[in-house]
4 protein chains.
Amino acid sequence: MLIVLGLETPRLDVDNIINKIEKLGCTPHEIPGVSKLAIGITGPTDTLNEEDFNLMPSVQEVVRITKKYKLVSRQMKFDDTLINVGENVIGGKELFICAGPCSVESRDQIFEIAGILKELGIKYLRAGAYKPRSSPYAFQGLKEKGLEYLDEVKKVFGLKIVTEVLNSVSLPAVAEVADILQIGARNMQNYSLIVEAGQYQKPILLKRGMSATVEDLLLSAEYILAQNNYNVILCERGIRTFETSTRNTLDLNAVPVIKKNSHLPIIVDPSHGVGIWDKVPAMAMASIAAGADGLILEVHHKPSEALSDGYQSLTPEQFKLLLNKLKELAPVVGREIKL
Amino acid sequence: MLIVLGLETPRLDVDNIINKIEKLGCTPHEIPGVSKLAIGITGPTDTLNEEDFNLMPSVQEVVRITKKYKLVSRQMKFDDTLINVGENVIGGKELFICAGPCSVESRDQIFEIAGILKELGIKYLRAGAYKPRSSPYAFQGLKEKGLEYLDEVKKVFGLKIVTEVLNSVSLPAVAEVADILQIGARNMQNYSLIVEAGQYQKPILLKRGMSATVEDLLLSAEYILAQNNYNVILCERGIRTFETSTRNTLDLNAVPVIKKNSHLPIIVDPSHGVGIWDKVPAMAMASIAAGADGLILEVHHKPSEALSDGYQSLTPEQFKLLLNKLKELAPVVGREIKL
Amino acid sequence: MLIVLGLETPRLDVDNIINKIEKLGCTPHEIPGVSKLAIGITGPTDTLNEEDFNLMPSVQEVVRITKKYKLVSRQMKFDDTLINVGENVIGGKELFICAGPCSVESRDQIFEIAGILKELGIKYLRAGAYKPRSSPYAFQGLKEKGLEYLDEVKKVFGLKIVTEVLNSVSLPAVAEVADILQIGARNMQNYSLIVEAGQYQKPILLKRGMSATVEDLLLSAEYILAQNNYNVILCERGIRTFETSTRNTLDLNAVPVIKKNSHLPIIVDPSHGVGIWDKVPAMAMASIAAGADGLILEVHHKPSEALSDGYQSLTPEQFKLLLNKLKELAPVVGREIKL
Amino acid sequence: MLIVLGLETPRLDVDNIINKIEKLGCTPHEIPGVSKLAIGITGPTDTLNEEDFNLMPSVQEVVRITKKYKLVSRQMKFDDTLINVGENVIGGKELFICAGPCSVESRDQIFEIAGILKELGIKYLRAGAYKPRSSPYAFQGLKEKGLEYLDEVKKVFGLKIVTEVLNSVSLPAVAEVADILQIGARNMQNYSLIVEAGQYQKPILLKRGMSATVEDLLLSAEYILAQNNYNVILCERGIRTFETSTRNTLDLNAVPVIKKNSHLPIIVDPSHGVGIWDKVPAMAMASIAAGADGLILEVHHKPSEALSDGYQSLTPEQFKLLLNKLKELAPVVGREIKL
């Protein structure tokens, strides 16, 4: 349920409403908007009555939220959510472009790639220190050592770090280095981890699970917002279907669906989505044309020697060509790329 | 197998090669290209030997085609296939834009919509006279009457007609009116119909089946090319997955995959692909950004009164807005829209 | 809509109801049951009123059918449909067991296999004369010659023939030989063919399409029943999913779902369903345990030399072992196998 | 890689081989079988040479394991793995039958159901104290309180407890009560949790993820075996497909596929697999007929009042009827049910 108030509502009225919600056993969430102030209510709202609030001072409207997800829905919060990462903003006019290798492989490798990306004007570096792998015998990442290198790179180049957290044991260490904490597709429904990660109040990049519906993804995000961390970036990265000509089926339809139903930013990972480097530029362009707020892309200076996912990585040259095309495309859909 | 010759090869040499292929029990296909002449070979090519042809006069190269599909593959024919429809060309720089209602509902309706589209500069009208419907009790189209109205519209407005053929009984009548014969998703593996339709030597718009892989689609197209009709336009229109927030999952990944593996034009039908009108413009833009050669879109002047698929139809106003955005987008991907 | 009458209703009353239905622009279907007579109504039933019939003589009840499919639903006809094929009955206590090669490959081959099956007491022989193949270059069946051999085998061994019809051109010839006309998965939504085949009033074996929901399958069957041919045998044969360890995902859940929602018999094809011979016996057993009315199985005397689908065929020895297990299983689920 | 030795091999020879493997940087795993002793090797086996071991004393054979999974494969260990739970054995002739409510809802509820199951001779009780739910607002289980009740029930009725663990924080408490630790479908690729749970050396019930292939499931199990805990019970519980008439698509094909490729027991959860109680008995029967080693079923004394998943729960009466049918079925597939 949602209580809509004017922006200029006296604090006393707001507090009265909040107190009443709590007395009725529910949880209030203040949601400031551009033209309205809203108070979202979660919990056992079935027991609430519109009339309980309708006649209270300053209340303009009381709205039932019909979706299963509440705080992430656009019914609850009409304005797009903007997420600040240092001086940068995600979800606004400027597109979010994040690039880097699948994993940190060595100090040299990550410095090499970070240097190239910095040169290109990129602000966000992606690279995994901890890698979830289907096989226990596959390369699992450099772990603590990888975090150390990321921290160095961050200081040397001033890049914002986007890196995945796999479990609660390593969460504090990852959170110290990461500017954006990534929850991978395999952990999208690992609610314990999501909730713990969300408590750091850092932006969370939440990847859609391979068999998750858009609704499932939004419900997972709801777990984070329900703890009053609104800094969630959703990420489409391909779903599992019968088609075998691509690694996954990148589901760009999710972009307009999410834009309609939620105020959260949605970005796309075409590298994992199609899984073959030569189709990545086409799908990166398509993502932005579909309305995505940004891209996360795998870039490696020597893809054929990468320890993981080399076949889906762009070389710096290919990435540069793509960036140029994206810069032309952005204004067509009312966006911009600042490099 | 593919025999590559120079463009200036004497006819006698070509004929000798063709004769030899036929003597060996296979079928030759002459494939003229921009810089080379090729002779594709289908049939029991396992029994052929590269050496049988390598030393023949004018032969520059003999290539084994590794894909299951042969004539549709880019290995067999490197240059993009251009399809002429009257004075228009599909598959070249100009994007193919086809619009119209799901079905012909009345003389008034189709004249109304055709007039609007003509006004907008659209060259291709889509509308079904025969409709395949899951339920025998749903509206099945105006049939012969619908064809009659399409024929009138064609003459009055000079629009090219794209319409679906459902079976061999009505094929001759449909082929008389249609400039492009559409094979629907449900009939993509109805090989008898495909082969018969292909014999008319008219362009065939072949829609991907709901559970067809890209390879399946290309193999179906191969049935048509194998009869020496190269005028096939492939169409992505959504596949079946677990996701329920869209009617189908429009698989734009198919666009770069097909562009790499085949020389045939590939267009996209976002109306059926997502099935909800307000997501159609985003996915139409994404289709062109992904490299598609065109779009087929449902446009209806009164969507809420449409006898079929109204919820996925754009109004003329929405369509016009989309066209304007597409015109801005086209040059970014090296294309143009002429209206 | 469904009008329920007593079994002993005077003919005059029945005719009055039928006349009224027709006058109201709908189509009546007399459906005799074990304890009741029912008159199903299809067409624009939205315009009908329960009261129009409620007070007519002999009418016991008027029921709205809520499913999209009508005549195939168990709401419309409560008793299981029994289908007679000569002296045999499909859908009753006795399980339907149909076996044979994927395709007729030669006179010798089909006589060899038919002889073995006859020896084992099998009553139904399956074998394709016309084969739908993804590739135009794959073996497409012996066609007319194949039908000829099937006709001989039928006369010599007295086996009932189950064979696929691919198009309307060959339908008359196929219908002359077939005791049961098979519509393959790829043609499940080729409504023109289904309707034409249904008009022969022979039993139709309707295979579920690779991406068809159970509802889609029942709606396709509805096309046949709507022409007053109730002799439809549904067949589950695997759907397309992301799983690659089996050729298709045999969806046995469809068996109890269909048993609940329809009165039509449902059989299973585990050979196509899993696509690897050594998993076929387990899934054949599972099919019967799930409540299926029978099985259609690929059996070949020399699987490794089969022209199509050899890897999913059982040898006669393997088939015999399976039959013995099935005979033990049948009484556990209230069925029997008579050989 | 696998080194095969005779059962009577002198310890010295075994130790020599183990030392050599370790010296070469790999990990040895002793796998005792019925007629042979095997030493599995995992790690960087690409660097190993068959000849390194072929000539060592007592070595009978050296085998390359071609599957991505090693220790779980039947190539590595031919005999079925038997798992002891107190005096009971899982994976042998006796079928594993585990029943109970989706979640512990109250002390009364779990005592009521446990009493009924005990009465029926059931040995394993399933019930969740911690429930993973798509929505943060849905009932998440009684948590510690739930574990407490389960512990009481265990002592009072002597039932073995099967319950899910959701995260590492609650793992120690859950492991204290559980006789079998359940890893749910959403956590199948939460490798951190799997590895930690595996270290308790208790049997692990590992449920297949909704979009996991059979290979993915076996690779997840490999994580546990790689730590020398061989007590893993695999569980098929339905995958995500386009079909909507069932909650999930229970993929029974996984049973014979896993039986062929792995030595681990595989059971089926038809309650979650189909998600509608009236289809559960048919699919339970089908599971056993397909060769499954057991079943895990939801049983609730008042399904309509259940706090979660009531629509897929059997009543005690329905469960009793099913048990009787299963008892008849078991001997047909060489199994037995002891109650």
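Please treat every number below as a calculation from the coordinates, not as lab data. Small disclaimer: the values here were computed from a predicted structure and weren't measured. Cβ: placed from backbone, ideal geometry, glycine included. Neighbour counts: every protein chain shown.
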Dipole magnitude (debye, nearest 20) for the range A:83-333, charges at Cβ of Lys, Arg, Asp, Glu: 200 debye
Cα-based Rg of chain D normalised by 2.2 N^0.38 Å, two decimals: 1.04
Mean separation of Cα contacts under 8 Å (6+ apart) over length of the range D:2-63, as relative contact order %: 47 percent
The range A:1-111, relative contact order in percent, only Cα pairs under 8 angstrom and at least six apart counted: 26 percent
Shielding by other protein chains, B:322-335, mean Cβ within 10 Å: 3
Over chain A: helical MRE at 222 nm, DSSP H runs n ≥ 4 each giving -39500 (n - 2.57), nearest 500: -9500 deg cm²/dmol
For the range A:46-60, Karplus couplings with θ = phi - 60° (6.51, -1.76, 1.60), whole Hz, Gly/Pro x: 4, 7, 7, 10, 3, 4, 4, 10, 3, 9, 6, x, 6, 6, 9
Rg(Cα) / (2.2 N^0.38 Å) computed for the protein assembly as shown, rounded to two decimals: 0.96
Spin-label model distance (nm) - D:Thr315 vs B:Thr47, 7 Å beyond Cα toward Cβ: 7.0 nm
Under 14 Å from the Cα of A:Lys67 - aspartates and glutamates, other chains or at least 8 residues apart: A:Asp46, A:Glu215, A:Asp216, A:Glu222
Assigned charges on the beta-carbon of Lys, Arg, Asp, Glu; the range D:40-82 dipole about Cα centre (debye): 300 debye
Alpha-carbon centroid distance for the pair the range D:256-312 / the range B:6-28, whole angstrom: 63 Å
Phi-based couplings in Hz for the range A:301-310 (Karplus 6.51, -1.76, 1.60; Gly and Pro marked x): 6, 9, x, 6, 9, 5, 7, 8, 6, x
Binned Cα-Cα distances of the range C:1-124, short to long, each 5 Å bin given as a whole percent: 2, 10, 16, 15, 12, 8, 7, 7, 7, 7, 6, 3, 1, 0
DSSP bridge pairs, the protein assembly as shown: antiparallel proportion in percent, nearest 5: 45 percent
Taking chain A and dividing mean pair separation by its residue count, relative contact order in percent (alpha carbons under 8 Å, at least six apart): 16 percent
Geometric extent, Cα atoms of the range C:145-208 - Rg, Dmax (angstrom): 11.5, 35
Amide H within-cut-off set for D:Gln182, under 5 Å, with H built and near neighbours excluded: D:Thr163, D:Glu164, D:Val165, D:Leu205
Relative frequency of Cα-Cα separations exceeding 18 Å in the range C:2-63, percent: 23 percent
Built amide H within the under 5 Å cut-off of B:Gly6, gap 5+: B:Leu37, B:Gln60
Hits among lysines - C-alpha to C-alpha of D:Lys123 under 22 Å, sequence gap 8 or more where chains match: D:Lys93, D:Lys154, D:Lys155, D:Lys160, D:Lys202, D:Lys207, D:Lys302, D:Lys320, D:Lys325, D:Lys327, D:Lys338
Placed amide H near B:Ile267: partners under 5 Å, 5+ positions off or other chain: B:Leu234, B:Cys235, B:Glu236, B:Asp293
Karplus (6.51, -1.76, 1.60) ³J(HN,Hα), θ = phi - 60°, over the range D:64-71, in Hz, Gly and Pro reported as x: 7, 8, 8, 6, 5, 8, 10, 5
Residues C:Met283, D:Met56, D:Met76 arranged by fewest to most Cβ contacts within 10 Å: D:Met56, D:Met76, C:Met283
